[in-house]
Amino acid sequence: MKLTDLKTLATRGESDRLEFKRTTGEIKDAMQTLCAFLNGPGGVVLFGVRAGGIIEGQEVSDQTLQDIAQAADRFEPPAHVSIQRVKVKTGREVIAVMVDASLTTGPFTYEGRAYERVGSTTRRMPQGKYEKLLLDRAHGKRRWENEPAEGVELRDIDRDEVFRIVEAAKSAGRLVGPVGAKLADVLDRLKLRRDGKILQAAVVLFGKEFLPDYPQCELRMARFRGTDKTEFLDQRNLRAPAFKLLEEAQLFCQRHFPLPGKIVPGRLQRVDTPLIPPDAMREILVNALIHRDYSIAGGAISLAIFDDRVEVWSAGTYPAGITPDKLSKSHQSVQRNPIIADIFHRAGLIEKWGRGTNRVIEMCRQARIAPPKFEEITGAAVVTFKVNVLGAQQTAKQVTTQVAPQVTPQVGAVLEAARQVVSAETLQSTAGLKDRVHFLRSYLQPLLAQGWLERTIPEKPRSRMQRYRLTSAGEEALRRAGNG
């Protein structure tokens, strides 16, 4: 460092990265500040500069430098500390002690205590923050998701669900090559087993049972009357594998989001305008599933629908390095649960470029609704869509009753397939549709409501064994359309 550089530093004044010490008699205090710099972006302490940036210098001996070096040995973990001497006048020097936080991994303590910088002040770091930084440091190797699921065996994993997602990954082109038919081999391929032990991520994604050991794999959904939580209009809580939770949340939204529309001249069906773009809502729900803190045993994902807004809550704050204000700007992709996120990526539900929230904002603007608000509230990540649910519901009721489904080529294909007893997945595949919620809302449910299809287990509409078949009314519809 040159004298000109020193003068430039001194003129900046004390800040979150620079502090002045008149003499080396304040070494301990200076080391606490350097510890705070290490727990931030780094910084410099100048010995021999008075408050206000007045450069005085001091006499510097070899013992002075030894004292500073010995004091620097008390950082834990060991830190790289640079010490430089700058001559300012005859017999007097300024000592610059610098630390660069990017060269080492924190958090750091000095003499067993952690410090942080707030403006130009050094203070003790709260224990909770220090512990969170420790967890972030260990995140690369030890995370909740990649810890072994104690007592969980292959029989506790839903094989059908695993292979359903494998097929989705193949269709998306994100699982190439042979997979095999053995569940153990597939879990190994998906990095959901290590040394023969099933990881906790596998339970989140494909578990069968969640109580008593995994209560956090829960989704809470509610439609409230008005703008507070005083009165429920509908409520549902369930524990299930992550992809099932996503589908149930989308179905709940479908049931409670009014779909106002209008009849357009020249078209046989009304044009519907979703309250919230379905892809935007799905993106937020997926984010809640893959970024939440699963180490919080009492945590959950909550979907709350009010008259004037829709909220999605997920347990835990946003991942380290991500703040609510950054989510509406360009930002890096920080994954708290990279294994879980990878499976969602393979299934074609997310990208890995940190643009998910930006895409949501773009979709909302295109739909002419307000972009969502991102917040951290009482240790939870919260996303709020300000939409007039009640007003849209009232508008939807006033719209002309929707005409009967038209036997388009896709509808005709669905009805033809239903001449045999088949699953919803088969009908969706026959229609050539990738979006399951769109298929359910725009095809399956209207055909059921019209009486052209019927369930084989009508008393249990959500049964996993549910199948569908063509009715006599559906046969007549096909005949009229020339498909009979």
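The values are calculated or read from the model by the stated rules, or taken from the named source; none is laboratory data. What you see is a predicted model; the values in this text were computed from it and never measured. Note that each Cβ is placed from the backbone with ideal geometry, even for glycine, and that neighbours are counted across all protein chains shown.
List of remarks:
- Counted residues, the stretch 410-449 - those being over 35 Å from the mean Cα position of the chain (by Cα), surrounded by fewer than 18 Cβ atoms within 10 Å (Cβ to Cβ) and not in a helix (DSSP H, G or I): 3
- Matching residues in the stretch 450-475 - criterion: being in a helix (DSSP H, G or I) and under 20 Å from Glu247 (Cβ atoms): none
- On inspection, Leu38 qualifies as surrounded by 21 or more Cβ atoms within 10 Å (Cβ to Cβ) and in contact (Cβ under 8 Å) with a residue 40 or more places away in the chain.
- Filter pass, Thr11 being touching a Ser or Thr at 6+ places or on another chain (Cβ under 6 Å) and either touching a residue at least 12 places away in the same chain (Cβ under 8 Å) or closer than 24 Å to Leu134 by Cα (or both): no
- Those residues of the stretch 9-22 which are surrounded by 13 or more Cβ atoms within 10 Å (Cβ to Cβ) and either closer than 13 Å to Val99 by Cβ or modelled with pLDDT of 85 or more (or both), in sequence order: Asp16, Arg17, Leu18, Glu19, Phe20, Lys21, Arg22
- Hits in the stretch 16-45 (condition: part of a strand (DSSP E or B) and among the acidic types (Asp, Glu)): Glu19
- Selection status of Thr33, surrounded by 12 or more Cβ atoms within 10 Å (Cβ to Cβ), of a type in the set (Ser, Thr, Tyr), within 26 Å of Ser102 (Cα to Cα) and in contact with a strand residue (DSSP E or B) (Cβ under 8 Å, 6 or more places away or on another chain): yes
- Any hit, the stretch 121-144, residues being within 30 Å of Val45 (Cα to Cα) and in contact with a helix residue (DSSP H, G or I) (Cβ under 7 Å, 6 or more places away or on another chain): yes
- When Glu167 is tested against (1) touching a residue at least 12 places away in the same chain (Cβ under 8 Å); (2) surrounded by fewer than 22 Cβ atoms within 10 Å (Cβ to Cβ); (3) assigned to a helix (DSSP H, G or I), just one condition goes unmet, and that condition is (1).
- Verdict on Glu247 being within 23 Å of Arg282 (Cα to Cα) and either assigned by TED's automatic domain parsing to the domain that holds Ala297 or in contact (Cβ under 8 Å) with a residue 60 or more places away in the chain (or both): yes
- Scanning the stretch 284-320 for residues that are among the charged types (D, E, K, R) and surrounded by fewer than 22 Cβ atoms within 10 Å (Cβ to Cβ) yields Asp293, Asp307, Asp308, Arg309, Glu311.
- Filtering the stretch 75-127 to residues that are of a type in the set (S, T, N, Q), touching a residue at least 40 places away in the same chain (Cβ under 8 Å) and in a strand (DSSP E or B) leaves Gln84, Thr109, Thr122.
- Hits in the stretch 441-453 (condition: more than 28 Å from Asp279 (Cα to Cα) and touching a Leu at 6+ places or on another chain (Cβ under 7 Å)): Trp452
- The set of residues in the stretch 335-380 that are farther than 20 Å from Asp279 by Cβ and either acidic (Asp, Glu) or assigned to a strand (DSSP E or B) (or both) comprises Asp342, Glu375, Glu376, Ile377, Ala380.
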